[in-house]
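Here the structure comes first, spelled out in structure tokens, and everything after it is commentary.
The values are calculated or read from the model by the stated rules, or taken from the named source; none is laboratory data. Since the structure is predicted, the reported quantities are computational estimates derived from the model, not experimental observations. Cβ placement follows ideal geometry from the backbone for every residue including glycine, while neighbour counts extend to all protein chains displayed.
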Amino acid sequence: MTKQTKRIAVITGDHSLPDPTKREGRYHEEDMVTHAAMVAAFGSLPGYDFRVYTEHAGLFERLAAEPPDVVINFCDTGLFNVPTQELHLPARLELMGVPYTGASPAAMVVCYDKAIVRLVAESLGVPVPREAYMAADAPLNDLPDLYPALIKPNTADGSVGITKDSVVRNRREALDYLGWLRATLPGRDALIQEYLPGPEYGVGMIGNPETGLRMLPPLEVDFSGLPAGLNPILSFESKALPDSPYWTEIKFKRAVLPADIENRLAGWTRILFRRLGLRDYGRFDFRVAADGEPKLMEINPNPAWANDGKLAFMAGFAGIDYRDMLRLVLEAAIARVQRAD
Ligand SMILES: Nc1ncnc2c1ncn2[C@@H]1O[C@H](COP(=O)(O)OP(=O)(O)O)[C@@H](O)[C@H]1O
Ligand SMILES: [Mg+2]
């Protein structure tokens, strides 16, 4: 890639197709608003010619006809909005020889499997919740005694398969939830995890280990507005039910952390970013366990790019506006690719 990188293709989810992570399983006005804000922010960056692709049918033919210098891979829905096909886009771009922002297919595969991420994190000394793996067809007579526990799919994003009832306090509730999960997401293996009752933190990173990796100020999810009795978690209701208090009452704020905890979060996320092969940006979700220790819940390569998403909030805490956050991600990718050339 030359120094005069100019033509940039921004690829997002396909607006015209169903999407299991969206409200009612499809794109709505609110998604168009965040999309328009992203396009406007990129469009205001000088020195680039942006073209936006929101339709996946014929995508690669169109890219081949007008090859971009770099693709902004904001297709976090997966190709044709199929979550397991998120890696197919970067894989195909590699075959075409087109550089792109964000994680490689290999990093995506590993991070999509939460149990594998947990094992890698544990091997690196990063605290993780106690957990049992429940294959989708495993008999349900031998459940682990981790109560209170949180049950979730091993592979999913966007809180799919996590509802207000995911927090279970006894075997009866666990059986009910596993039954619902098996009926709703057939064939999907589940995790039964130690419930982490403490504060929830997001840690965002922009850059790359070789060219400079910056941790943004951590975010805390503010559940204080939730009515009493509702489990304080980011469940699917918070992303899919506009009338739910999970949608209206949960806010993000800057985490106020003792320096030693913030330093430990910084150390853990840096090691994991490098070990799992994240690139350009990433987000790590932690929650504090009953013993006061923050534990890793999951790693998001190519985290949500929306101007109202967690990464944008964290950038804001650092005084980086949305447009500059997008610019930093793009520049991180360009610096990485130029270094490799
Ligand atoms: N072990 C846990 N204890 C408490 N809450 C949890 C736990 N695991 C997940 N959650 C809640 O569920 C949300 C979504 O879980 P997460 O593993 O991050 O999946 P997703 O990929 O859908 O974001 C978290 O943000 C948190 O609020
Ligand atoms: Mg998460």
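Taking the criterion of being surrounded by fewer than 17 Cβ atoms within 10 Å (Cβ to Cβ) and farther than 18 Å from N73 by Cα, the residues of segment 265-287 that qualify are A266, G267, R270, I271, R274, R275. Kindly evaluate E94 against the criterion of being of a type in the set (D, E, K, R) and either under 26 Å from R323 (Cβ atoms) or in contact with a Phe, Trp or Tyr (Cβ under 6 Å, 6 or more places away or on another chain) (or both). So E94 does not fit the description; no.
Note on segment 71-152: enclosed helices (runs of 4 or more DSSP H) holding 2 or more residues that are more than 16 Å from ligand 2 (Cβ to nearest atom) and under 30 Å from H35 (Cβ atoms) are 88-96, 105-112.
So, P67, is that one in contact with a Gly (Cβ under 9 Å, 6 or more places away or on another chain) and surrounded by fewer than 16 Cβ atoms within 10 Å (Cβ to Cβ) or not? Criteria met by P67. Put simply, of L213, L276 the only residue that is of a type in the set (A, V, I, L, M, F, W, C), in contact with a strand residue (DSSP E or B) (Cβ under 6 Å, 6 or more places away or on another chain), more than 13 Å from ligand 1 (Cβ to nearest atom) and in contact (Cβ under 8 Å) with a residue 12 or more places away in the chain is L213. Taken over segment 132-152, the criterion of being crowded, with 21+ Cβ neighbours inside 10 Å and either touching an Asp or Glu at 6+ places or on another chain (Cβ under 7 Å) or over 18 Å from F286 (Cβ atoms) (or both) is satisfied by M134, A149, I151. Hey, among V221, V203, which residue is closer than 21 Å to E293 by Cα, modelled with pLDDT of 95 or more and out of contact with any Ser or Thr (no Cβ under 9 Å at 6 or more places or on another chain)? Answer to the selection: V221.
Taken over segment 224-251, the criterion of being among the aromatic types (F, W, Y) and buried (at least 19 other Cβ atoms within 10 Å of the Cβ) is satisfied by F236, Y246. For the residues L265, L328, L296, the requirement of being within 16 Å of ligand 2 (Cβ to nearest atom), in a helix (DSSP H, G or I) and modelled with pLDDT of 95 or more singles out L265. Scanning segment 52-62 for residues that are among the aliphatic types (A, V, I, L, M) and outside any helix (DSSP H, G or I) yields V52, A57. F313 meets all of the listed conditions (1) out of contact with any strand residue (DSSP E or B) (no Cβ under 8 Å at 6 or more places or on another chain); (2) within 16 Å of ligand 1 (Cβ to nearest atom) but one, namely (1).
Checking each residue in segment 5-51 for being modelled with pLDDT under 95, loosely packed, with under 15 Cβ neighbours inside 10 Å and in a helix (DSSP H, G or I) picks out E24, G25, E29, E30. Collect the residues in segment 169-211 that are of a type in the set (K, R) and part of a loop (DSSP other than H, G, I, E, B), keeping them in residue-number order. R169, R188 - these are the residues of segment 169-211 that are of a type in the set (K, R) and part of a loop (DSSP other than H, G, I, E, B). For the residues L63, L93, L87, L59, the requirement of being among the aliphatic types (A, V, I, L, M), assigned by TED's automatic domain parsing to the domain that holds T21 and within 15 Å of the chain's Cα centre (by Cα) singles out L87. Entry remark, segment 268-293: residues being away from ligand 2 (no atom under 16 Å from the Cβ) and part of a loop (DSSP other than H, G, I, E, B) number 7 in total.
None of G212, G202 is assigned by TED's automatic domain parsing to the domain that holds V329 and within 16 Å of ligand 2 (Cβ to nearest atom) except G202. Among the residues of segment 153-179 satisfying the criterion of being away from ligand 2 (no atom under 16 Å from the Cβ) and either surrounded by 20 or more Cβ atoms within 10 Å (Cβ to Cβ) or among the hydrophobic types (A, V, I, L, M, F, W, C) (or both), which is farthest from S238 (Cα to Cα)? The selected residue is L175.
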